[in-house]
Amino acid sequence: MRSIFSNWTYLRYIVSSAGALAVDMAVFLALFHLGLLPVIASALGYAVGIAAHWMFSSRAVFTDAVAVRGSARARQKALFLGSALVGLAITTTMVGAADMLGLDPRLAKLAAIAVSFQATYLMRKKVVFAR
């Protein structure tokens, strides 16, 4: 059985995610330093990162499985958004819980990145961009 991690798609996804993460973290840190509640800053950063990630994923990662247009494309975008919302829920839950416990929300954000990365990759590989 071939592993879902044994091809170049996973490597491209890592690079794509790094770009989206850069966008996410820049927004998060800017809003955090402006005094926004950490959980709100985290959610907004993640939301902006979602848009960047769709662009990267559909144009550089899952290029052979992207629907061209019409209802198939709309369905794919909706599934992508759904997977992103799962990642957002993971991120905001972890950052919010850490903040409530008095832990550094920036460290919680880093932990949430790892957990949501793997969860969204699996959903996108097996559902959103499944052939």
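Read-outs throughout are calculated quantities, based only on the coordinates presented, and are distinct from any laboratory measurement. A quick note: this is a predicted structure, and the numbers were derived from the prediction, not measured. Don't worry about glycine lacking a Cβ; one is built from the backbone with ideal geometry, like all the others, and counts go over all protein chains shown.
Across region 8-128, Cα pairs under 8 Å and at least six residues apart give a relative contact order of 26 percent.
Here the chain is assigned +1 on the Cβ of each Lys and Arg and -1 on the Cβ of each Asp and Glu. Its dipole about the Cα centre then comes out at about 720 debye. With respect to the chain, whose longest principal axis is taken over its alpha-carbon atoms, helix 38-56 is tilted by about 20°. Selection among Val128, Ser116, Gly19 by position relative to the dipole of the chain gives Val128 as farthest towards the positive end (Cβ unit charges, Cα centre). For the chain, the convex hull spanned by the alpha carbon atoms encloses 100 Å³ per residue. Computed over the chain with a Gaussian network model linking Cα atoms closer than 10 Å, the most mobile of Ala26, Ala72, Ala41 is Ala72.
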